[in-house]
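A.B. asks: So that we are looking at the same thing, I have put the structure below in structure tokens.
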Amino acid sequence: MKLFIAKRTTWITQRKRYGRINRINKMHINWHDYNYGLPLSYRVKIKQALQLLAKNNNQYKRKMISVVFVGTDKICEYNTTYRQKNEPTDVLSFPRANVPKNHYDLGDIIICIDIAEKQAKEYNHSLERELAFLAVHGMLHILGYNHDTPEEEEIMLQAQKEVLDKVGLPR
């Protein structure tokens, strides 16, 4: 009996927090920041950017993405394991493999906070803007965009710029 009550209480709490409309009509984002304590305003902007991008690519309703913030050591470990490059990188994206196109879980975006901070200083803009840029970049890869050729790179850069400008994070 206690287990049933606990499950029902959790469901009611989630329903109050997210609301029926939000759960059905918007993309859900799982956040994992492992003690980096990012300000809520950063998450709000990143969420707005990812939801706008998903909506523009018809991947909006009932979708989920995970955004993970890690340090240099962890991103280097992932980069070595999955790309055979023994060096840190700013962002990695992992689309869900072997699932139908209409599957709700789009994949994972892993962002290195340390590299994002360095790049924000290098490009002379805020950490918030850099994190949103990296999240959008990772999401574009999950949605099938690439930058292997100059034409593909231009399309991807234009998509990134458009989304970031619309959410109030211009360069």
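A.B. asks: Quick one: which of Leu164, Leu134, Leu140 is within 19 Å of Gly37 (Cα to Cα), hydrophobic (A, V, I, L, M, F, W, C) and part of a helix (DSSP H, G or I)?
C.D. replies: Residue meeting the stated conditions: Leu134.
A.B. asks: Read through the list (1) buried (at least 18 other Cβ atoms within 10 Å of the Cβ); (2) closer than 21 Å to Leu157 by Cα, then give the number of the only condition that His125 fails.
C.D. replies: With respect to (1) buried (at least 18 other Cβ atoms within 10 Å of the Cβ); (2) closer than 21 Å to Leu157 by Cα, His125 is out only on (1).
A.B. asks: Any residue that is out of contact with any His (no Cβ under 7 Å at 6 or more places or on another chain), of a type in the set (S, T, N, Q), on the phi > 0 side of the Ramachandran plot and modelled with pLDDT of 95 or more - is there at least one of those in region 83-97?
C.D. replies: First, pick out the residues of region 83-97 that are out of contact with any His (no Cβ under 7 Å at 6 or more places or on another chain): 83-90, 92, 94-95, 97.
Imposing the further condition that a residue be of a type in the set (S, T, N, Q) reduces the set to 84, 86, 89.
From what's left, on the phi > 0 side of the Ramachandran plot: 84.
This time we only want the ones that are modelled with pLDDT of 95 or more, so: 84.
Yes, region 83-97 contains at least one residue that is out of contact with any His (no Cβ under 7 Å at 6 or more places or on another chain), of a type in the set (S, T, N, Q), on the phi > 0 side of the Ramachandran plot and modelled with pLDDT of 95 or more.
A.B. asks: Tell me yes or no: at least one residue of region 93-103 is part of a helix (DSSP H, G or I), out of contact with any Ser or Thr (no Cβ under 6 Å at 6 or more places or on another chain), polar (S, T, N, Q) and free of Cβ contacts under 8 Å to residues at least 12 places away in the same chain. Before the answer, list the steps.
C.D. replies: Of the residues in region 93-103, the ones part of a helix (DSSP H, G or I) are none.
No, region 93-103 contains no residue that is part of a helix (DSSP H, G or I), out of contact with any Ser or Thr (no Cβ under 6 Å at 6 or more places or on another chain), polar (S, T, N, Q) and free of Cβ contacts under 8 Å to residues at least 12 places away in the same chain.
A.B. asks: Hey, any hits in region 87-97 for a residue that's surrounded by fewer than 19 Cβ atoms within 10 Å (Cβ to Cβ), farther than 16 Å from Gly138 by Cα and among the hydrophobic types (A, V, I, L, M, F, W, C)?
C.D. replies: Checked against the condition, which is being surrounded by fewer than 19 Cβ atoms within 10 Å (Cβ to Cβ), farther than 16 Å from Gly138 by Cα and among the hydrophobic types (A, V, I, L, M, F, W, C), region 87-97 yields no hits at all.
A.B. asks: Inside region 1-69, counting only helices (runs of 4 or more DSSP H) that do not spill past its ends, which hold 2 or more residues that are modelled with pLDDT of 70 or more and surrounded by 11 or more Cβ atoms within 10 Å (Cβ to Cβ)? Can you show your working first?
C.D. replies: Numbers: elements: 2-18, 20-25, 40-56.
It comes to 40-56.
A.B. asks: To continue, here is another question. Go through the residues of region 114-129 one by one and say whether even a single one is among the β-branched types (Val, Ile, Thr), within 20 Å of Gly37 (Cα to Cα) and at pLDDT 95 or above.
C.D. replies: The initial filter retains those residues of region 114-129 that are among the β-branched types (Val, Ile, Thr), namely 115.
Retained after the next criterion (residues that are within 20 Å of Gly37 (Cα to Cα)): 115.
Checking the rest, the ones that are also at pLDDT 95 or above come to 115.
Yes, the conditions are met somewhere in region 114-129.
A.B. asks: Scan region 72-112 residue by residue and report those that are of a type in the set (Gly, Ala, Ser) and in contact with a strand residue (DSSP E or B) (Cβ under 7 Å, 6 or more places away or on another chain). Reasoning before the result, please.
C.D. replies: We begin by selecting, within region 72-112, every residue of a type in the set (Gly, Ala, Ser); these are 93, 97, 107.
The answer is Ser93, Gly107.
A.B. asks: Follow-up question, since we're still on this one. For Ile75, which of the numbered conditions (1) assigned to a loop (DSSP other than H, G, I, E, B); (2) in contact with a Cys (Cβ under 8 Å, 6 or more places away or on another chain) fails to hold?
C.D. replies: Result: Ile75 fails condition (1) only.
A.B. asks: Right, next: Tell me whether region 80-101 contains one or more residues that are in contact with a helix residue (DSSP H, G or I) (Cβ under 7 Å, 6 or more places away or on another chain) and of a type in the set (Phe, Trp, Tyr).
C.D. replies: no
A.B. asks: Return the only residue of Met156, Met139 being touching a residue at least 12 places away in the same chain (Cβ under 8 Å), farther than 21 Å from Cys76 by Cβ and under 11 Å from the mean Cα position of the chain (by Cα).
C.D. replies: On the way: Met156 fails: under 11 Å from the mean Cα position of the chain (by Cα).
Result of the check over Met156, Met139: Met139.
A.B. asks: While we're looking at this one, here's another question. Could you list, in sequence order, the residues of region 127-163 that are within 12 Å of Leu53 (Cα to Cα) and among the hydrophobic types (A, V, I, L, M, F, W, C)?
C.D. replies: Within region 127-163, Ala132, Phe133, Ala135, Val136, Met139, Leu140, Ile142, Leu143, Met156, Ala159, Val163 qualify.
A.B. asks: Further question on the same structure: Given the conditions (1) in contact (Cβ under 8 Å) with a residue 40 or more places away in the chain; (2) exposed (fewer than 12 other Cβ atoms within 10 Å of the Cβ); (3) basic (Lys, Arg), report the number of the one that Arg83 does not fulfil.
C.D. replies: Result: Arg83 passes all but (1).
The values are calculated or read from the model by the stated rules, or taken from the named source; none is laboratory data. This one's a predicted model, so the numbers in the text were calculated from it and none came from an experiment. Methodologically, a virtual Cβ is constructed for each residue, glycine included, from the backbone with ideal geometry; neighbour enumeration extends over all protein chains shown.
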